[in-house]
1. Of all residues in segment 27-36, count the ones that are more than 11 Å from the chain's Cα centre (by Cα) and more than 13 Å from residue 61 (Cα to Cα).
2. Can you name the number of the only condition in (1) touching a residue at least 12 places away in the same chain (Cβ under 8 Å); (2) in contact with a helix residue (DSSP H, G or I) (Cβ under 7 Å, 6 or more places away or on another chain); (3) exposed (fewer than 13 other Cβ atoms within 10 Å of the Cβ) that residue 79 fails?
3. Taking only segment 54-76 into account, find how many residues are under 12 Å from the mean Cα position of the chain (by Cα), surrounded by fewer than 17 Cβ atoms within 10 Å (Cβ to Cβ) and assigned to a helix (DSSP H, G or I).
4. Quick check: anything in segment 16-34 surrounded by 14 or more Cβ atoms within 10 Å (Cβ to Cβ), without any contact (Cβ under 8 Å) to a residue 24 or more places away in the chain and in a helix (DSSP H, G or I)?
5. Limited to segment 35-53, what total is found for residues that are in contact with a strand residue (DSSP E or B) (Cβ under 9 Å, 6 or more places away or on another chain) and part of a loop (DSSP other than H, G, I, E, B)?
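Every number here is computed from the coordinates shown, using simple stated rules; none is lab data. Here the structure is a predicted model, which is why all the values come from computation and not from measurement. As a convention, Cβ positions derive from the backbone with ideal geometry for all residues, glycine included, and neighbour counts pool all protein chains shown.
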């Protein structure tokens, strides 16, 4: 199971994006945000990229334990159904 860092913001997004892609390539299909506290819209962008990558790999990616602020951003950007 892949777990993004505690801080997932613009400053850490490139690192998180690469780590998530590596996790998908290694066979991970569950991403938990249980340890993630500080988040901005960069996390949503990474989630979309991870999801597209998983679709290309023909695997089902599941996001779990979303912080409330991340769930609000996902809804605000209208990507709830995709993620």
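1. Total satisfying the criteria: 2.
2. The failed condition is (3).
3. Selection size over segment 54-76: 1.
4. yes
5. Adding up the residues that qualify gives 3.
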